[in-house]
1. I want to confirm something. Restricting to region 2-42 and keeping residues that are closer than 23 Å to GLY81 by Cα and touching a residue at least 24 places away in the same chain (Cβ under 8 Å), which single residue is surrounded by the fewest Cβ atoms within 10 Å (Cβ to Cβ)?
2. Would you call ALA222 open to solvent by less than 20 Å² (accessible area, probe 1.4 Å), assigned to a helix (DSSP H, G or I) and within 22 Å of LEU102 (Cα to Cα)?
3. State yes or no: is VAL169 among the aliphatic types (A, V, I, L, M) and under 20 Å from the mean Cα position of the chain (by Cα)?
4. Would you tally the residues in region 125-180 being closer than 16 Å to ARG111 by Cβ, free of Cβ contacts under 8 Å to residues at least 12 places away in the same chain and either in a helix (DSSP H, G or I) or of a type in the set (A, V, I, L, M) (or both)?
5. Could you please tell me which pairs satisfy a Cβ distance under 7 Å, a separation of 6+ or placement on different chains, a first residue in region 94-108 that is within 13 Å of HIS70 (Cα to Cα) and at pLDDT 95 or above, and a second residue that is outside any helix (DSSP H, G or I) and not polar (S, T, N, Q)?
6. Looking at the structure I just gave you, is ALA188 crowded, with 17+ Cβ neighbours inside 10 Å, in contact (Cβ under 8 Å) with a residue 12 or more places away in the chain, part of a helix (DSSP H, G or I) and within 22 Å of the chain's Cα centre (by Cα)?
Amino acid sequence: MLYNLGVAYYNLKQFDEASQVLAEAADLDPKPAEPHFRLALIASERGDRENALLEFKHAVERAPDRAQYHYLQGREYFQAGHYERAAASYQRATELDGREPLYFLSLGNARFHATSYTLATGAFQQAAALDPNLPEINFLIGYSLRAQGRFDEAGASFDRHLAVAPNHVEAQANLGYIAVEQGRFAEAEGHLKKVIAEDPSHVAATFDLGRARAKQRDYPGAIQLFERVLQLSPDLTQ
């Protein structure tokens, strides 16, 4: 009864009352995972990451086979910047429920932030296999491939993304970056100028356009662009 009363308070967003009642339920019977899970959700809603992680830990210990618990624990770790721990929690969620694309998508994000780019690509590709219509999935695959220097594959992924989201500025910017790296300067300028026309303060596109000009020995043009970069981002060490 206490647990269900706590859930009712939670659904009404009366978090103080919910926390008190759920804590009483957990004290009366420490075995069930549900009160700890709800307490974790409340702490997360309040931005109390320390208690959210503590309560998710209790919930996972009591119900280790619930994929959602591991996923939400991973999300809390990710928001705290603990990417390796987040990846471990997301990985466990995918092992318990291999049909949920969001788990693989989150695993890919955590691995990417942990600089495990090859593993990130694999997770993103598994998410895409489960749901090819996931927003941004081809962009994320492309970005993780770019981080590995697999430029041809990355470019193909960005192209696939632009086929369904033709105004995606970051995909255009990344195609421009790849074209600069591969020495296709006319193509690079086409992509990067589109980005700058859409967003004149786009630092990366302006910088890459400057690199393209410098590689073509148009030094006055490069200097003009790099000066613009420094106006936009004075601390950019490159």
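1. LEU41
2. no
3. Working: among the aliphatic types (A, V, I, L, M): yes; under 20 Å from the mean Cα position of the chain (by Cα): yes.
In short, yes.
4. Residues meeting the conditions: 0.
5. Sorted first by the residue in region 94-108, then by its partner, the pairs are LEU96/ASP65; TYR103/ASP97.
6. Numbers: crowded, with 17+ Cβ neighbours inside 10 Å: yes; in contact (Cβ under 8 Å) with a residue 12 or more places away in the chain: yes; part of a helix (DSSP H, G or I): yes; within 22 Å of the chain's Cα centre (by Cα): no.
So ALA188 fails the test.
The values are calculated or read from the model by the stated rules, or taken from the named source; none is laboratory data. Treat the numbers as computed from the prediction; the structure is a model and nothing was measured. With ideal geometry, Cβ positions are generated from the backbone for all residues, glycine too; neighbour counts draw on all protein chains shown. For accessibility, only protein heavy atoms count, side chains too; no ligands or nucleic acids. Shrake-Rupley method; radii C 1.70, N 1.55, O 1.52, S 1.80 Å.
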